[in-house]
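Contents: one structure, followed by commentary.
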Amino acid sequence: MQTFINGYDISCCTLCPRECGKDRTMSYGTCGCDDKIRAARSALHHWEEPCISGSNGSGTIFFSGCSLCCCFCQNKEISHEGFGTEISIEKLGACMLDLQEQGAHNINFVTGTHFTPWIIEAVKSVRDRLHIPLVWNSSGYETVKTIRSLKGIIDIYLPDFKYLSEAIAKEYSWAPDYPKYAEAAIIEMHRQVGAPEFDENGIMKKGLIVRHLILPGHRHESMAILQRLSEMLPKDEFLISLMGQYTPPEEKLPYKNLNRRLTSMEYESVLKCAEKLGLNGFSQELSSAQAYYTPEFDLEGLEND
């Protein structure tokens, strides 16, 4: 039996590039989720890019589950292990309004790809009362079809561009097709929102910021990604956010390089590459590579009314 959410048939799920085809009314998709929205936190967050967090914070809603499942994920409690609580579409809409009331500069949907139709429905239900930008904060592992469904709804796209190498994408995220999907998705995101726009306080109102987490032992991969981005998009129509926050997981991984932190040499060489290419954006201090900057997933803001 077909079941639709905002016109999308969730009885044969193809929201992400995995296209698992699972009937999410009866079982879990590759993302680890069924047909109920599951989230782990709805609260102000102050550790995003300056034009996103500003002085008040970004109104982040962290969803449980993930279609990519990187072996080094710093949010594995919610992405791999499914921590979170079920919330209704109505509750999701209420969370957005509550974050706006708290002074959030924007509503920031974190890893919401596998809940796209539900999120769209929730936004529509509160659209007339919501007056701040909406941010799509994702892994970059998305289909163009899913991103097109967000046209006119999302104001700011904040995707990762994790890998350019199919071999590395396969090894760390079991997704050798990641590069082609990320490229196509980012191009579509840019097509929708165009060049960055900011308010009088420097808070982004519209635009594209492409994030890249530099992995230990892969500085040349990072440089290749920057080169590819400079070829894909007009340099003055997107921002790059280079992250040096990689923190080794507590449990040892079978990859020696991922069991250590990024070195200053690795990080500085990638920053110099971005500068040489004329890319604009943000970079972190290496001191951000610590668990302190990972939010606590304590169901804040998701309590029942």
Could you tell me which residue of region 286-305 is nearest to the chain's Cα centre (by Cα), considering only residues that are modelled with pLDDT of 60 or more and surrounded by 14 or more Cβ atoms within 10 Å (Cβ to Cβ)? PRO295
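Given the residues SER79, SER149, SER88, SER173, which is the only one that is within 26 Å of PHE282 (Cα to Cα), small (Gly, Ala, Ser) and modelled with pLDDT of 95 or more? It would help to see each step written out before you state the result.
Values: SER79 fails: modelled with pLDDT of 95 or more; SER149 fails: within 26 Å of PHE282 (Cα to Cα); SER88 fails: within 26 Å of PHE282 (Cα to Cα).
Just a single option satisfies the conditions, and that option is SER173.
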So in region 200-256, with the set limited to residues that are farther than 15 Å from SER269 by Cβ and basic (Lys, Arg), which one is modelled with the lowest pLDDT? LYS252
Provide a single number: the residues in region 126-157 that are crowded, with 17+ Cβ neighbours inside 10 Å and not in a loop (DSSP other than H, G, I, E, B). 10
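Yes/no matrix, rows are residues, columns are (1) in contact with an Asp or Glu (Cβ under 7 Å, 6 or more places away or on another chain); (2) in a helix (DSSP H, G or I); (3) not acidic (Asp, Glu):
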residue	(1), (2), (3)
LYS206	yes, no, yes
ILE209	yes, no, yes
ILE225	no, yes, yes
GLU231	no, yes, no
SER241	yes, no, yes
THR247	no, no, yes
SER269	no, yes, yes
LYS276	no, yes, yes
GLU296	no, no, no
Quickly run through region 94-112 and pick out the residues that are in contact (Cβ under 8 Å) with a residue 40 or more places away in the chain, surrounded by 24 or more Cβ atoms within 10 Å (Cβ to Cβ) and assigned to a helix (DSSP H, G or I). LEU99
When every residue in region 170-213 that is touching a strand residue (DSSP E or B) at 6+ places or on another chain (Cβ under 6 Å) and of a type in the set (Lys, Arg) is compared, the one nearest to ARG228 (Cα to Cα) is ARG211
Could you give every pair whose Cβ atoms fall below 8 Å, whose first residue belongs to region 71-93 and is under 17 Å from GLN245 (Cβ atoms), and whose second residue is modelled with pLDDT of 95 or more and part of a helix (DSSP H, G or I), counting only separations of at least 6 or pairs across chains? CYS71/TYR172; CYS71/SER173; CYS71/LEU258; PHE72/TYR172; PHE72/LEU258
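Scan region 66-83 residue by residue and report those that are touching a helix residue (DSSP H, G or I) at 6+ places or on another chain (Cβ under 6 Å) and surrounded by 21 or more Cβ atoms within 10 Å (Cβ to Cβ).
First pass over region 66-83, keeping only residues touching a helix residue (DSSP H, G or I) at 6+ places or on another chain (Cβ under 6 Å): 66-68, 70-73, 83.
Passing the criteria: CYS66, SER67, LEU68, CYS70.
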Against the conditions (1) modelled with pLDDT under 95; (2) outside any loop (DSSP other than H, G, I, E, B), where does CYS51 fall short? Just the number, please. (1)
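The values are calculated or read from the model by the stated rules, or taken from the named source; none is laboratory data. Computed from a prediction, not measured in an experiment: that's the story for all the values here. Glycine gets a Cβ as well: all are built from the backbone with ideal geometry, and neighbour counts include every protein chain shown.
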